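Here's the structure, in structure tokens; my notes come after.
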Amino acid sequence: MLFSPDTCPRLVVKIGSALLVDPAGAVRRDWLAGIAADVAARAGAGQQVAIVSSGAIALGARRLGLPRGGRASLEDAQAAAATGQIALCQTWAEVLGENGLTAAQMLVTLDDLEDRRRYLNAAATLGRLLQLGTVPVINENDSVATAEIRFGDNDRLAARVAQAAGADGVLLLSDIDGLYDRNPAQPGAVHIPVVAQIDARVAGMADVGSASGMGSGGMVSKIAAARIATGAGVALAIASGRVDRPLSTEARHTMFLPEKRASARKAWLAGRLTANGVVTVDAGAAQALAEGRSLLAAGATAVSGDFARGDVVTIAGPDGPIARGLAEYDAGEMQRLLGRRSEEQEALLGYAPRAALIHRNHMALL
């Protein structure tokens, strides 16, 4: 059994639209009842399970008669989500209730998990619901989220939820049984059972497509989710949901092994999907950051974005993003300090400078 209760006390399971909704836009009720029975069995063994459930847009599009599964426009998607979410949660409440479990609904937007205070509030709510023995059913609040403030796929949402919930594992149930070295439709494609580190080679194996046409995620989004989860010390598996009772059936999958668990604050920083600006650094500074040092002004070469002190910014080296952290200066001040040594900074600022542009205690490597 993947993520058994004795090794994984708290689990997040993500279910894609193609598994939950048939091509005609109706709920696959019998399959979902099997999932609920599996969750009940795990709960009986002491495991706490949260579910990230897609399907609201697909369900709503059928009820409203919208073209392209409700994804023809943002307005259609929002209307479909508002209509379908009621049906989705009612179905989950019914199938879980038939197994003696209480469902709880949580709808979140990207901002809810990117803003530190709101993230902590969501984490507290999730934790309490799980302690009370409920099964939280979580989805992105697509009825209000715009293109600029959306996760865009529930794979990454599941990874962030796992981080917020303090989960030990994430299981992405999909229409594919894991990662392959190329598109599995191509001859000779090889299944990858275990990924110890997500490097450029692994990222290059991802295919951008979503096979069903109903969902918004493909393998690219699943790799992105694995980065978030494993960086927070959480294992993540991709497995096929194209079987009955997938939570109690041994099947082929890909397991992404967790990295050393970071502090909660650093894991939140590393898992963020947005930033208020970018600080570019030279190769020497990039190496110093990799060794665990703070970012000093002498190694910074450029600043972009409009941010204030305390905002989250991305640090980019010669080869791309390398870290994310909390700025000790606003964008204007940081611009004036670029490349300057500590002894020059007081004259430039008019006050004693802080120790670093971004301190290592408020920074997470990517």
> What about ARG42, is it touching a Ser or Thr at 6+ places or on another chain (Cβ under 8 Å) and assigned by the TED database to the domain that holds LEU172?
Replying inline: no
>> Every residue in the range 2-23 that is in a loop (DSSP other than H, G, I, E, B) and either over 17 Å from THR91 (Cα atoms) or open to solvent by less than 20 Å² (accessible area, probe 1.4 Å) (or both), please.
In response: LEU2, PHE3, SER4, PRO5, ASP6, THR7, CYS8, PRO9, GLY16, PRO23
>> Out of SER342, SER304, SER294, I need the residue that is touching a Ser or Thr at 6+ places or on another chain (Cβ under 9 Å) and not assigned by the TED database to the domain that holds TYR119. Which one?
In response: SER304
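Here's the yes/no breakdown for (1) part of a strand (DSSP E or B); (2) in contact (Cβ under 8 Å) with a residue 12 or more places away in the chain; (3) surrounded by fewer than 14 Cβ atoms within 10 Å (Cβ to Cβ); (4) polar (S, T, N, Q):
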site	(1), (2), (3), (4)
SER304	yes, yes, no, yes
PHE307	no, yes, no, no
ARG324	yes, yes, no, no
GLU346	no, no, yes, no
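Which one of ALA364, ALA355 is aliphatic (A, V, I, L, M), open to solvent by 70 Å² or more (accessible area, probe 1.4 Å) and closer than 18 Å to ALA285 by Cα? Full working, then the answer.
Values: ALA364 fails: open to solvent by 70 Å² or more (accessible area, probe 1.4 Å).
Residue meeting the stated conditions: ALA355.
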> Does GLU328 satisfy the condition of being loosely packed, with under 15 Cβ neighbours inside 10 Å, among the charged types (D, E, K, R), modelled with pLDDT under 95 and not assigned by the TED database to the domain that holds LEU171?
Replying inline: no
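Yes/no matrix, rows are residues, columns are (1) within 24 Å of LYS222 (Cβ to Cβ); (2) over 22 Å from the mean Cα position of the chain (by Cα):
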{"site": "ASP22", "(1), (2)": "yes, yes"}
{"site": "ALA33", "(1), (2)": "no, yes"}
{"site": "GLN47", "(1), (2)": "yes, no"}
{"site": "LEU59", "(1), (2)": "yes, yes"}
{"site": "ARG62", "(1), (2)": "no, yes"}
{"site": "ALA77", "(1), (2)": "yes, no"}
{"site": "LEU107", "(1), (2)": "yes, no"}
{"site": "GLU114", "(1), (2)": "yes, no"}
{"site": "GLN131", "(1), (2)": "no, yes"}
> Tell me, which residue of the range 265-300 that is surrounded by fewer than 15 Cβ atoms within 10 Å (Cβ to Cβ) and among the polar types (S, T, N, Q) is farthest from ARG341 (Cα to Cα)?
Replying inline: THR274
> Could you list, in sequence order, the residues of the range 228-264 that are open to solvent by 20 Å² or more (accessible area, probe 1.4 Å), under 30 Å from LEU120 (Cα atoms) and either part of a loop (DSSP other than H, G, I, E, B) or of a type outside the set (Gly, Ala, Ser) (or both)?
Replying inline: MET255, LEU257, PRO258, GLU259, LYS260, ARG261, ALA262, SER263
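The values are calculated or read from the model by the stated rules, or taken from the named source; none is laboratory data. None of these values were measured; they are calculated from a predicted model. All Cβ positions, even for glycine, are placed from backbone atoms using ideal geometry, and neighbour counts span all protein chains on display. When the accessible area is computed, the model is the full protein with side chains, heavy atoms only, and any ligands, DNA or RNA have been set aside. Shrake-Rupley method; radii C 1.70, N 1.55, O 1.52, S 1.80 Å.
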